[in-house]
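Below: one structure, written as structure tokens.
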Amino acid sequence: MNLELLESFGQNYPEEADGTLDCISMALTCTFNRWGTLLAVGCNDGRIVIWDFLTRGIAKIISAHIHPVCSLCWSRDGHKLVSASTDNIVSQWDVLTGDCDQRFRFPSPILKLQYHPRNLDKVLVCPMKSAPVLLTLSDSKHVVLPVDDDSDLNVVAAFDRRGEYIYTGNAKGKILVLKTDTQDLVASFRVTTGTSNTTAIKSIEFARKGSCFLINTADRIIRVYDGREILTCGRDGEPEPMQKLQDLVNRTPWKKCCFSGDGEYIVAGSARQHALYIWEKSIGNLVKILHGTRGELLLDVAWHPVRPIIASISSGVVSIWAQNQVENWSAFAPDFKELDENVEYEERESEFDIEDEDKSEPEQTGADAAEDEEVDVTSVDPIMAFCSSDEELEDYKALLYLPIAPEVEDPEENPLGPPPDAAGQTTPAEDGSTHSGGGEKKQRQPSAEGAPPKKKARTTTIELQGVPSDEVHPLLGVKGDSKSKKKTAGRPKGSKGKEKDSPFKAKLYKGDRGFPMEGEGGGGAKGKVQAEAGLSAAGSLGPPSYKQLDVQGLD
């Protein structure tokens, strides 16, 4: 992968659809890691599906939550992932192991969360009907950020590019810039329409490069500002936006907006249909409209950090948009010619001679002399696309890729691993688990033999004063979403008799929702799955009448 070639002279934005990623579950939100090698997708059954974006294959599935995942964010080094679900839970995950490090329970639904760009110990959380909260993960403490108007708590917030400041915006159009360390107010301004009326702030997004940021407002206009000008204006300033982007014809409201990886383009997803509008930031002109399937609603948009690729989500499927790649073989050899038909080749007299006797030795000057110089092939130069402007070296501890265990279908013998019946005795951790593709049982086998059980993640309850606890997340208001959530959440439904009141019902599916777990007793759902597989609880062959047995007789 030669990233030096990415600086193309043509347009640097996607032009057409380039396939889809099917997560099996309904996808709701997605985000790239800092290098664009992994794409995390949050689903409505609580799973987090991590895609290897180079191979377009699933690298890991984390059974993170019981309720739909509504927000995701990668840490700077790629080793951690924070997620929020519609049941007000915020969790931090170790990406390699899939273990939950800790959980936080909030009184109201979470609209957005974001890691500090440079400090992995801090997470910014935006709960509904509440002021934004700055979490410190190491000691589980939190700080409620100051707001402009205590009566207006519909507040969105975002870190700037390096995390020095936090920008907050409320429903009255007031933007506050707070120092991250001290929460002191350093600048503020109000977003107004042409008639001096205020408009609600829907989201604030920062570019990965440069000091620009955009504000998506309820008046269907995307305003682009320079962060340096905001800080210069100070409190109650009146900065002018660099650009105002909007759809003047259809007056389209925007669901999600973000910058391209180089900060030169802005993409906005329509809230009415699956359509992506791309503008050039420097000029403000609309350069492309990408249309998805008619009748679908857009849920999320993410631009690849390095390449001109966009991922969008609609109807539970992740769509990929990219440039049309035209093969040009002459790029590899300057004298290469593509032929439309066969031609007769005339061989030169000296073409296959070991040494050309007639060839004269020209004097080596300039570029020819440089070819004889020794080339350094051992030292590794940092890839500048992966380095920030204040960094000289890459982060060599970063997690770029995930190892994937090979899938083996019906192995005849297993010389390296434990005996086959050990697979049935594998018990998952309490805090959610992972499996890579179909090799979930094989991954767990070593940990089942003598390894200490994984400790349960610590859960901290965040108390917020005056925040209503009966709020419903906006995602659950989408038509038909709550029904599909109940079907795919993976909790077995007690069907008849004693199964409903069985004390073991809640323990049936603790890990991956697709695989029943071993334990004392079980409901009808477990018995049915194992009977169809022809396995008893101990992992050996069992009678087909297993599912007929009474619940109490399985102890």
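Using alpha-carbon pairs under 8 Å, 6+ residues apart, how would you state the relative contact order of segment 117-189 in percent?
22
Where does the charge balance sit around Asp77 when Lys and Arg score +1, Asp and Glu -1, over other residues with C-beta under 9 Å from its C-beta?
Residues close to Asp77 contribute a combined charge of +3.
Through the Karplus equation 6.51 cos²θ - 1.76 cosθ + 1.60, θ set to phi - 60°, convert the phi angles of segment 251-256 into ³J(HN,Hα) values in whole Hz; use x for Gly and Pro.
Once θ is set to phi - 60°, the couplings for segment 251-256 become 6, 6, x, 10, 7, 8 Hz.
Going highest first, how would you order 255-266, 16-27, 182-193 by mean Cβ packing within 10 Å?
255-266, 16-27, 182-193
For Leu111, enumerate residues with amide H under 5 Å from its amide H, sequence gap 5+ or separate chain, H modeled in the peptide plane.
Cys126, Met128
Taking the Cβ of Tyr277 as the centre, find all other residues whose Cβ is under 10 Å away and add up their charges (Lys, Arg: +1; Asp, Glu: -1). Walk me through the intermediate numbers first.
Numbers: positive: Lys288; negative: Asp247.
Overall, the nearby charge balance is 0.
Might you tell me the accessible area per residue for segment 121-212, computed with a 1.4 Å probe and given in Å²?
With all protein chains present, segment 121-212 gives 39 Å² per residue.
If we count every other residue with Cβ under 11 angstrom of Asn250's Cβ, Lys/Arg +1 and Asp/Glu -1, where does the sum land?
Details: positive: Arg220, Arg251, Arg272; negative: Asp247.
Residues close to Asn250 contribute a combined charge of +2.
Which links in Lys122/Lys288; Lys129/Lys281; Lys112/Lys209; Lys174/Lys281 stretch past 26 Å when you go from one Cα to the other?
From Lys122/Lys288; Lys129/Lys281; Lys112/Lys209; Lys174/Lys281, over 26 Å: Lys122/Lys288; Lys129/Lys281.
The values are calculated or read from the model by the stated rules, or taken from the named source; none is laboratory data. Because the structure is a prediction, the values reported are computed rather than measured. Neighbour counts run over all protein chains shown; Cβ positions are idealised from the backbone, glycine included. Accessible surface is based on the protein model in full, side chains and every heavy atom, while ligands, DNA and RNA are left aside. Shrake-Rupley method; radii C 1.70, N 1.55, O 1.52, S 1.80 Å.
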